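The structure appears below as C-alpha cells.
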Amino acid sequence: MIQATTKQSIESKPRKYNNKLRLKNGLIGWSFIAIATAMIGLFYFYPMAQALILSFQSGAGANLQFVGFDNYLRLFTDPTFIAAVKNTVIYLIIQVPIMIILALLISVLLNDKKLKLKGFFRTAIFLPCITSLVAYSVVFKYLFGTDGIINQLLINVSLISEPIQWLTDPFWAKVTIIIAITWRWTGYNMIFYLSALQNVDNSIYEAAKIDGANAFQQFFKITIPMLKPIILFTSITSTIGTLQLFDEVMNITKGGPGNATLTISQYIYNLSFKYTPDFGYAATVSYAIVIMIVIFSIIQFKVAGDKNA
Amino acid sequence: MHKVNRIFIYIILSIFTIVSIFPFIWMIVSATNKSSDVTKGRLVPGTHLVENFQNLINSVDLVPALTNSVIISISTTVLSLIIASLAGYGFEIYRSKAKDVVFTILLLSMMIPFAAMMIPLFRMFGTISQMAPGIGIDTLTSAMLPSITTAFLIFFFRQNTKMFPKELLEAGRIDGLTELGVFFRIFVPTMKTTYAAAAIITFMASWNNFLWPLVVLQSPENHTIPLLISNLGSSHSPDFGIIMTTIVIATLPTALIFFLLQKHFVAGMMGSVK
C-alpha cells in the first residue's frame, strides 16, 4: 500500500529518474521474497494468531463460545495436562543432558588424529538419523516388547531373571522412550560437535599438554569452552524438539500405561481428534508449549551467558 | 599406558557402533523371517523374505502409500527449493533494513511448535474444503502445503548466498539479463551443491512427516508410508515379518540418499551453523 502511493508520487516527477530506478530495484527485491513471506504468514503466523483467539473459546466441535481465561484456569486443575507436562519435563531434563554428554564424548574420541576406522565409526553412529521417526519407533516397540529381543538378551547374559515390562510399567515405559530418542539423535548432535572440533586449533591442546593438563582437564578447560556456542545451539534445538515430542510416544506406547508417557503434543492431538473435539481448550494447551519453549530458551541463554562472565 | 588408552577408545566406540547398528540388523534380519520367528527374537537371516514381500503386496496397500509419499515428497521438495532460494537470494542480494526486519520475523516462525498451529490449520483447510475441495482436507495438496515454506530453508539459502561471488551477477546484468534471468541463469547453476543439500533435507523431512498427514489425510487411499507403518504397528494381530519388510522398504530411499550423497547430506544438516 505504502509502496504503491510512493511510486505514484515519484512517477509524477519524472525528472527524479534515479529515485524511480532505485524504487524499481526495491520492488524487484521485494518480489523475490514475496511468495515465501506470504506462505509463512499464512501457514505459521495466521494459525498462531488463530490459536491465540481459540484459546479463549470453548465448546464441542464448531460450537465455540468465548470463555475468557477459563481455559487457562482449567489447565491448573486438569490432571491429564499436569501429567503430560510432568512427563515432557522429565524427558527434557534427563534425555537432553545424557544425549549431549554422549555426543560430546563420542566426538572427542573420534577427533583423535591417529584413530583408525574413523569414517566407519562416524557413519555407523550417525546411521540412526536416516530412519523415519515412525519406522524406528515401531522397531523399538518390538525390540522392547515383553518377549522382545532386548529382554531375551538381558536374560541370556543373566543381567535380569524376569523380563522387564518395558512398555507397560509406568517407570520403564519412560525409560524406553528416553532410550529410543537418545538412540535416534545422539549421532545427529555428534556431527555438529565433530565439525566444531575440527576448527579448534590443535596447538592449544599441545600447549595444555606441555603445561601438564590431563585428558579430563583438557576436556573441561578447553573443549567445553570452545564448543560452548554449538552446545547451546544443540541444546536449544533438542529442547524445542523434546517439548514437541509426538511421533515416538504415539507409536511406541500411545501415551500409556495410563498417561505415564503422554506428551503435551499428544494430549493436544487427543483433545482435538480423539475425544469429543474441544479445539478451544486444545489451543490453550498448545500455548503452554509455546510458553515453555520461550522459558527454557531464556534459561539456556542465561546459563550459557553466566559461564562467560 | 598409551596403548591401553587406545584400546579403551576402540572398545567404547565399538559399543556405540553396535548399539547404533543393532536395530538395523534386527530389522533387516526380521524381514527375512516369519512372524513367529521374529517374536522369538531370531537373529539369523531366514528364507521368508519373498514370502513376506508377497504377503505384504496382498494384504497391505503398499503401492498406493508409496505413490502418495513419492508425489508429496517430490512436489514439496521442488516447490520448497524454488520458493526458499528465491527468498534467501532476495534477502541477501537486495538487502535493506526493512527486509532484514521481515527476515527476523520469519525466523521467529522456527520457534512456533507445530502442535500450536495444527488445530487452526485443520480448521483453515476445513474452510478451504467448502470452496475448493481439490485442495481441502484429505487431499495430497493439503498434506504438503503447510510444509512447503520453512524459515530454516530460507535461512539456509541466505547463508549460502553470502559466499556467492557477486561479480558474477554484475557480469550477467551487463550481458543484458533481467534480475530473474540473473537468478535462474547464473545463481542457480553455480549453487548446485547448496541445492543438493537443501533437496536432501526437504525430501527427508517430507518423506518422514507424520503428525500433519495423520491429521489431514483421513481416507486410507490417501495414506503415506509413515501413516501405513503406524497403522501396521498398532494393529492387534500384527504380522512382524510383513511390518519389518515394510519398514525396510520405507527406509531404503533415505538410506540410498545418505550413502550416495553423504557429503551433501552432512552439508545440509550443518547449513544452520555455517
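Name the residues whose placed amide hydrogens come within less than 5 Å of the amide hydrogen of residue A:57, ignoring near sequence neighbours (fewer than 5 apart) on the same chain.
A:67
Set Lys and Arg Cβ to +1 and Asp and Glu Cβ to -1, take the dipole of the protein assembly as shown about its Cα centre, and tell me which of B:160, B:136, B:46 lies farthest positive.
B:160
Could you tell me what a quarter of the Cα convex hull surface of chain B works out to, in nm² with one decimal place?
Working: hull surface 86.7 nm².
Averaged projected area of chain B's Cα convex hull equals 21.7 nm².
Set Lys and Arg Cβ to +1 and Asp and Glu Cβ to -1, take the dipole of chain A about its Cα centre, and tell me which of A:46, A:187, A:280 lies farthest positive.
A:46
Given the -39500 (n - 2.57) contribution per DSSP H run of 4+ residues, what per-residue ellipticity at 222 nm results for the protein assembly as shown, rounded to the nearest 500 deg cm²/dmol?
On the way: 30 runs with 410 residues, N = 583.
The helix-only estimate for the protein assembly as shown comes to -22500 deg cm²/dmol at 222 nm.
Starting from the Kirkwood Rh over alpha-carbon pairs, what translational D in µm² s⁻¹ does the stretch B:49-197 have by Stokes-Einstein at 37 °C and 0.692 mPa s? Before the final figure, lay out the partial values.
Values: Rh = 18.4 Å.
Value of D from the Cα-based Kirkwood radius: 178 µm²/s.
Taking each full run of DSSP H in chain A as one helix, which ones are at least 27 Å long along their axis (Cα atoms) and have mean Kyte-Doolittle hydropathy of at least 0.0? Don't skip to the end; give the middle numbers.
Numbers: long enough: A:17-40 (35 Å, 0.51); A:79-110 (45 Å, 2.13); A:170-198 (42 Å, 0.74); A:279-308 (44 Å, 1.24).
Going by DSSP H runs, the hits are A:17-40, A:79-110, A:170-198, A:279-308.
Give me the orientation-averaged projected area of the Cα convex hull of the stretch A:171-217, in nm², one decimal.
Working: hull surface 19.2 nm².
Over all viewing directions, the stretch A:171-217 projects a mean Cα-hull area of 4.8 nm².
Take every residue in peptide B:82-94, count the Cβ atoms of other chains within 10 Å of its Cβ, and give the average of those counts. Could the numbers behind the result be given before it?
Numbers: counts 2, 8, 3, 2, 6, 8, 3, 3, 10, 5, 1, 3, 9.
The per-residue average across the peptide is 5.
Just counting partner chain Cβ atoms within 10 Å, what average do the residues of peptide B:21-27 show around their Cβ? Write out the running numbers ahead of the final one.
On the way: counts 5, 5, 13, 7, 0, 6, 7.
Other-chain Cβ atoms within 10 Å of each residue's Cβ, averaged: 6.
Measuring from a point 7 Å past the Cα of residue A:224 along Cα-to-C-beta, which residues in the stretch A:64-99 have an amide N at less than 19 Å?
Output list for this probe position: A:93-99.
If each of residue A:298 and residue B:5 carries a label point 7 Å out from its Cα toward its Cβ, how far apart are those two points in nm?
The answer from the label model is 4.5 nm.
Starting with the fewest neighbours, write out B:111, B:117 ranked by other beta-carbon atoms found within 10 Å of each beta-carbon.
Working: B:111 14, B:117 24.
Sorted ascending by nearby Cβ count, the order is B:111, B:117.
Which of A:297, A:272, A:31 moves most in a GNM of chain A, Cα contacts under 10 Å?
A:31
Too long at a 32 Å Cα-Cα cut-off: which of B:40/B:263; A:86/A:221; A:118/B:99; A:118/A:228; A:228/B:99? Write down the numbers at each step before the final one.
Working: B:40/B:263 39 Å; A:86/A:221 35 Å; A:118/B:99 44 Å; A:118/A:228 24 Å; A:228/B:99 30 Å.
In this structure, B:40/B:263; A:86/A:221; A:118/B:99 lie more than 32 Å apart at Cα.
Please arrange A:290, A:89, A:285 by counting, for each residue, the other beta carbons lying within 10 Å of its beta carbon, fewest first. Display every interim value, and only then the final one.
Details: A:290 18, A:89 15, A:285 28.
So the ranking, lowest neighbour count to highest, is A:89, A:290, A:285.
Expressed as a rounded percentage, what relative contact order does the stretch A:39-153 have, with Cα pairs under 8 Å and six or more residues apart? Can you show the working numbers first?
Values: 32 pairs, mean separation 9.5, N = 115.
The normalised contact order for the stretch A:39-153 reaches 8 percent.
Simple spin-label model, 7 Å along Cα-to-Cβ: residue B:22 to residue A:94 in nm?
1.9 nm
Using the 10 angstrom Cβ neighbour count as an exposure proxy, how do B:204, B:118 rank, fewest first? Don't skip to the answer; put the middle values down first.
Working: B:204 22, B:118 28.
Exposure proxy ranking, most exposed first: B:204, B:118.
May I ask you to evaluate 6.51 cos²θ - 1.76 cosθ + 1.60, the Karplus curve with θ = phi - 60°, for each residue of the stretch A:160-167 and list the ³J(HN,Hα) values in order in whole Hz, giving x for glycine and proline?
9, 9, 10, x, 7, 7, 4, 9
Can you give the convex hull volume per residue for the Cα atoms of the protein assembly as shown, as a whole number of Å³?
Values: hull volume 119.4 nm³, N = 583.
Dividing the Cα hull volume of the protein assembly as shown by its residues yields 205 Å³.
Relative contact order (percent) for the stretch A:78-308, with alpha-carbon contacts under 8 angstrom and 6 or more residues of separation? Spell out each step's value before the answer.
Numbers: 236 pairs, mean separation 67.6, N = 231.
Relative contact order here is 29 percent.
Please compute the contact order of chain B in relative form: average sequence separation of alpha-carbon pairs under 8 Å and at least six residues apart, divided by the residue count, as a percent. Each step should come with its number before you reach the end.
Working: 260 pairs, mean separation 84.0, N = 274.
Relative contact order, chain B: 31 percent.
What percentages make up the Cα-Cα pair-distance distribution of chain A when the bins are 20 Å wide from 0?
24, 44, 27, 5, 0
Every number here is computed from the coordinates shown, using simple stated rules; none is lab data. Quick caveat, the model's predicted, so the values are computed rather than measured. All Cβ positions, glycine included, derive from the backbone under ideal geometry; neighbour counts span all protein chains shown.
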